[in-house]
Amino acid sequence: MIISRMLFRISFFGGGTDYPNRYRDNGGSVLNTIINKYCYISSRYPPARSGIGSSSAFTVGFLNSQYALTGQIGQKRLGSNAIYVEQQIIGEDVGSQDQAAAAFVGLNKMEFNGKENFIVQPVSINQQKITSLQNHLILFFTNFSRTASEIACEQIKNTPDKGEITIEQQNKLDNIMVTENV
């Protein structure tokens, strides 16, 4: 982790002459100094290549911290903006579930349709089933790392060959959701 500490400044004279539309034509000059008050910025590489959505969690967390400075933003917009940043601005070949999952948290059924459009439906299960699920899951590191974008690039190429989800597949998914909503 890198922590950068930057000093703040106070200005004595000339404030306003430092605006480009002023100094381009007329020049500008200021007298200022730094003070012993700081702005702290911490940076680190996200723990990417884990296969559990870490890079998208980083993107959502970063956007969320920025939005917190200007006011709250809804989960849907936060997820959509993270998808936009990763897919359109950075140009990564990644899916959309990681960003939506980081924005919405919890157990959710997600439906994706249209451009950057998704619907999140929380899945409610009772505490006994949550405990049972937690007691029967294990997560371990396989000692293999991979770049999600590289794998997704291949999947994206092959997607047109897969066709649409069948009614039978959708019914199975819907049936699981209905059964588990107890």
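D98 satisfies every condition listed in (1) over 23 Å from Q134 (Cβ atoms); (2) out of contact with any strand residue (DSSP E or B) (no Cβ under 9 Å at 6 or more places or on another chain) except (1).
Residue under question is S96, and the condition is that it be at pLDDT 80 or above, of a type in the set (S, T, Y), under 28 Å from F141 (Cβ atoms) and exposed (fewer than 12 other Cβ atoms within 10 Å of the Cβ); does it hold? When the stated conditions are applied, S96 does not pass them. Cβ separations smaller than 9 Å between residues 6+ apart or across chains give the following pairs from segment 1-29 residues that are within 30 Å of S42 (Cβ to Cβ) to residues that are of a type in the set (D, E, K, R): M1/R44; I2/R44; L7/K37; F8/K37; S11/D18. Within segment 1-44, the set of residues being modelled with pLDDT of 80 or more, closer than 27 Å to F62 by Cβ and among the small types (G, A, S) comprises S4 only.
This table checks each residue for (1) touching a Ser or Thr at 6+ places or on another chain (Cβ under 8 Å); (2) free of Cβ contacts under 8 Å to residues at least 24 places away in the same chain; (3) not in a helix (DSSP H, G or I).
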| position | (1), (2), (3) |
| --- | --- |
| S56 | no, no, no |
| S65 | no, yes, no |
| K76 | no, no, no |
| V94 | yes, no, yes |
| K109 | no, no, yes |
| Q121 | no, no, yes |
| L133 | no, yes, no |
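Here G91 fulfils each of the conditions (1) modelled with pLDDT of 85 or more; (2) buried (at least 16 other Cβ atoms within 10 Å of the Cβ); (3) at positive phi apart from (2). Scanning segment 78-92 for residues that are outside any helix (DSSP H, G or I) and not β-branched (V, I, T) returns G91, E92. Among the residues of segment 155-168, is there at least one that is modelled with pLDDT of 70 or more, assigned to a loop (DSSP other than H, G, I, E, B) and either within 23 Å of I52 (Cα to Cα) or in contact with a strand residue (DSSP E or B) (Cβ under 9 Å, 6 or more places away or on another chain) (or both)? The answer is no, given that none of the residues of segment 155-168 is modelled with pLDDT of 70 or more, assigned to a loop (DSSP other than H, G, I, E, B) and either within 23 Å of I52 (Cα to Cα) or in contact with a strand residue (DSSP E or B) (Cβ under 9 Å, 6 or more places away or on another chain) (or both). Within segment 59-79, the residues that satisfy the criterion of being surrounded by 18 or more Cβ atoms within 10 Å (Cβ to Cβ) and either outside the structural domain of P122 (by TED's automatic domain parsing) or farther than 19 Å from C153 by Cβ (or both) are V60, L63, L78, G79.
The values are calculated or read from the model by the stated rules, or taken from the named source; none is laboratory data. No experiment lies behind these values; they were computed from the predicted model shown. So basically every Cβ, Gly included, is an ideal-geometry build from the backbone, and we count neighbours across all protein chains shown.
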